[in-house]
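The values are calculated or read from the model by the stated rules, or taken from the named source; none is laboratory data. The structure displayed is predicted, hence computed values, not measured ones. FYI the Cβ positions are ideal-geometry reconstructions off the backbone, even for glycines, and counts take in every protein chain you see. When the accessible area is computed, the model is the full protein with side chains, heavy atoms only, and any ligands, DNA or RNA have been set aside. Shrake-Rupley method; radii C 1.70, N 1.55, O 1.52, S 1.80 Å.
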Amino acid sequence: MNILHFGEENVFLDSMDIQPGDSWSEKLTSTLRSTQVMIVIIGSNWLRSQDHWSCKRRIDNPDDIVRREISFSIANEIPLIPVLIDDAKIPSA
């Protein structure tokens, strides 16, 4: 399935829809406030993904943008649909 299935204007891809010069945080916050459902693509290495500067897992960093997006969705009761790819597994709580 591709984004055209939902209508291109109804899909926000942070890596494509934030333009140079946009405030990343402001653009994400305003988009998340109008979100009706969040689809999170989870690859097999998502738990091991590390921050380039600290070499710590990104998911452990409360300021990581992906963690903030997911936390916002949960806190605001936005339905969250995980999509597992590349043999990824949902970890235990």
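Assign one of three labels to the range 30-93, namely rounded, prolate or oblate, based on the Cα gyration tensor with a ≥ b ≥ c the square roots of its eigenvalues; rounded applies when a/c is under 1.5, prolate when it is not and a/b is larger than b/c, and oblate otherwise. Display every interim value, and only then the final one.
Details: a/c = 2.22, a/b = 1.29, b/c = 1.71.
The shape class here is oblate.
Where does each of Leu28, Leu47 land when they are ordered by accessible area, with a 1.4 Å probe and the largest first?
Working: Leu28 10, Leu47 55 Å².
Result, largest first: Leu47, Leu28.
Between Arg48 and Ile78, how many nm apart are label points set 7 Å from Cα along the C-beta direction?
Once both label points are built, they end up 3.0 nm from each other.
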